[in-house]
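The values are calculated or read from the model by the stated rules, or taken from the named source; none is laboratory data. Owing to the predicted nature of the structure, the values given are computational and were not obtained by experimental measurement. Quick reminder, even Gly has a Cβ in these numbers, built from the backbone with ideal geometry, and neighbours come from all protein chains shown. These area figures cover heavy atoms from the full protein model, side chains too; ligands, DNA and RNA do not enter into them. Shrake-Rupley method; radii C 1.70, N 1.55, O 1.52, S 1.80 Å.
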Amino acid sequence: ETSSREMSTAIDKGNEYKKISDTPIDSRFATAVAAFGQLIKGDSHINQFTYDDVISLGRASIGDDTYGYRTEFLNLARLAKTAAAMGGR
């Protein structure tokens, strides 16, 4: 589209999941993207979540990647992991 629009969904017991593997595939991928953003920003709320966790969650929830955007994200996450490891040089 040419403009953005806000979308929202109420969170209640009806859409609560016990395991992340039970959540919709797009929600899992969005979680990987959000965690990646927090990692590169250096957010303290990320706890023990790592680049490997982002890559693993993203790979497991790649779904139908018709245009390759999700695969590109995974490549970006791998590059960021490498860059972060080299940051101490």
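Among the residues of the range 51-65, write down those that are at pLDDT below 95 and open to solvent by 50 Å² or more (accessible area, probe 1.4 Å).
Selection gives 64 alone.
Name the pairs: first residue in the range 74-89 and under 11 Å from residue 51 (Cα atoms), second residue at pLDDT 90 or above and charged (D, E, K, R), Cβ to Cβ under 8 Å, at least 6 apart or on different chains?
Filtered contacts from the range 74-89: 74/59; 81/52.
What residue, of 53, 26, is closer than 17 Å to residue 74 by Cβ, out of contact with any Ser or Thr (no Cβ under 8 Å at 6 or more places or on another chain) and part of a helix (DSSP H, G or I)?
When all the criteria are applied, what remains is 53.
Just to check your reading of the model, which residue among 80, 84, 35 is among the small types (Gly, Ala, Ser), open to solvent by less than 50 Å² (accessible area, probe 1.4 Å) and over 28 Å from residue 16 (Cα atoms)?
Going through 80, 84, 35 in turn, just one is among the small types (Gly, Ala, Ser), open to solvent by less than 50 Å² (accessible area, probe 1.4 Å) and over 28 Å from residue 16 (Cα atoms): 80.
Among the residues of the range 1-23, write down those that are under 23 Å from residue 57 (Cβ atoms), open to solvent by less than 100 Å² (accessible area, probe 1.4 Å) and either part of a loop (DSSP other than H, G, I, E, B) or not acidic (Asp, Glu) (or both).
Residues satisfying the conditions are 15, 20, 21, 23.
Can you confirm whether the range 68-79 contains a residue that is among the charged types (D, E, K, R), out of contact with any Leu (no Cβ under 8 Å at 6 or more places or on another chain) and not in a helix (DSSP H, G or I)?
Among the residues of the range 68-79, not one is among the charged types (D, E, K, R), out of contact with any Leu (no Cβ under 8 Å at 6 or more places or on another chain) and not in a helix (DSSP H, G or I), which makes the answer no.
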